[in-house]
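Trainee: Before I ask anything, here is the structure I am working with.
The values are calculated or read from the model by the stated rules, or taken from the named source; none is laboratory data. Model, not experiment: these values are computed from the prediction. Please note: Cβ atoms are built from the backbone with ideal geometry, for glycine as well, and neighbour counts cover all protein chains shown. Each accessible area value is taken on the protein alone, full model and side chains, heavy atoms only, with ligands, DNA and RNA left out. Shrake-Rupley method; radii C 1.70, N 1.55, O 1.52, S 1.80 Å.
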Amino acid sequence: MSEPAQVSIAGRWADRELQLNHYGPRLPFGSTGGSGLVQRFVELEGPAAGHEFDVLDASGGYASACLGAGSPVIADALADAVRTAGYATDEIASAERARLLSRLFGGDGLFARSFSAGEYHVSGRNSGSEGIELALRLAVETRFDRRHLRPVPGHGERDLILAFEGAWHGWTAGLVPLVNRRHYRVGLPDQSGGGPHGVTVRHIPYGDIASARDFFAAHGERVLAVVAEPVQGDAGILVPPPGYLRELAGLCRGNGALLIADEVLTFAKTGRFFAMTDDEGPIPTDITVIGKSLGMGALSTSMVIARRELSVRETGAVSTSDLRPLTCAVIRAGLEHLTETKLVDRAADLGGVIADALSDLVSAFPQLYQESRGLGVMHGVELTEAAAQRVSDLRVQLIRHGVYVEFMSGAGRRSGGLRYVFPTMRVTLPLIATEDDVAELARRLVSGSREFARTVA
């Protein structure tokens, strides 16, 4: 295949020459487009350079493209909004923003069972990282008397934020302290501690309720907030045991700490809109941040849903893209479509099919994979130690066999006697996937794994 016009500089694709590389060794592939679950790839290097092939996108566009590529619903919403919705910031009331928030939080709104309009208010951000940053800011501001510019008596002493080993909440300076892994922290300025308004982040094992009880028993009066993912994503799709999240919420409430739920990854993927839900119903949170699928694969956006009493100082958190009308129109069209087609509900059943297929993969290749786990359309397949040492080679092999997957870091070393978690293949199919798609995914994973297994001692 000849290179598409105006793609190359000095014989290499321009983005390979100009885009900052924050991955390390780069994948030798380019994308020329896609539709639905299928992406069109081309080999960029070696004797096969120029060879085109299709890949099934099991990454869901970094878990954001819940409707796949080229959704006509989103295309129409975008086109209409560009022409008609305007671009008012949230300083001005917007009819499009009002329609979205009313549909989500008013009366029988889509989110009203978890978040009623009388108890919560919302803010939009550009990304999941910005959403978690705002959530932390909301928590920290509860300790501060904005009028007298001093700590609030009884609250200023709360100087601990509790996070979890293996967690990932974003890469910004304010969020790195929530990550306990040395690779992401060493050599960067320490944003925690120090000064009269400083906070310290402490980490405990995820999913171990005894550790949470012990921590609150020792430090409960100092805990300002707990930041938790309902399913740990980068740690390797770790699903907590039944009852864990509800008891964690109870510990927060009983000790006067705020519970911040990071649902950027899990939103609309577990068979429900919110993973902070169990058989008893929604698990109460003080702040919930959603993202990724919220932008329907077309926009980068997030939404912070916080109790009404939580706020920030005036003009202290203004954002360039705070639920602009165009963003609201895309979100509303996408969520209406998900509801009408019952794609979120269907994810629970499809999850069983995916789980069976990945369990079979683990059984067929024990030298490569040691465990699969997950909910809905969000699953992980943990590598063995031997396969983890060659994860980049495995990924290239799988792509050449027609399936695009990502690998998460894994939680690594954990305290409390919990075992090491190796890098984990993340399978987050778009919600439009069918059982036939899952069967094809499994066939390609088996094919690529079989080829790679021949190279593993």
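Trainee: Just by accessible area at a 1.4 angstrom probe, what is the order of ILE92, ILE237, ILE209 from largest to smallest?
Mentor: Sorted by accessible area, descending: ILE92, ILE209, ILE237.
Trainee: So what is the accessible area of the chain per residue, in Å², with the probe set to 1.4 Å?
Mentor: 45 Å²
Trainee: From Cα pairs below 8 angstrom and at least 6 apart in sequence, can you work out the relative contact order of segment 197-246, rounded to a whole percent?
Mentor: Answer for segment 197-246 is 35 percent.
Trainee: Can you give me the Cα centroid spacing of segment 279-319 and segment 142-160 in angstrom?
Mentor: First find each Cα centre; the distance between them is then 23 Å.
Trainee: Segment 380-457: which trypsin sites (Lys or Arg not before Pro) are DSSP loop and have at most 11 other beta-carbon atoms within 10 angstrom?
Mentor: ARG419, ARG454
Trainee: When you count, for each residue, the other Cβ atoms within 10 Å and take the mean per peptide, how do 268-276, 26-34 rank with the highest first?
Mentor: Descending packing order for the listed peptides: 268-276, 26-34.
Trainee: Between ASN21 and GLU340, what length in nm is gained on full extension when 0.36 nm per residue of separation is reduced by their alpha carbon distance?
Mentor: 110.8 nm
Trainee: Pull up the DSSP beta bridges for segment 261-400 and report the antiparallel fraction as a percent, rounded to 5.
Mentor: In segment 261-400, approximately 80 percent of DSSP beta bridges are antiparallel ones.
Trainee: Quick check: with the 1.4 Å probe, what order do ASP356, ASP279 take by accessible area, largest first?
Mentor: Ranked from most to least accessible, the order is ASP279, ASP356.
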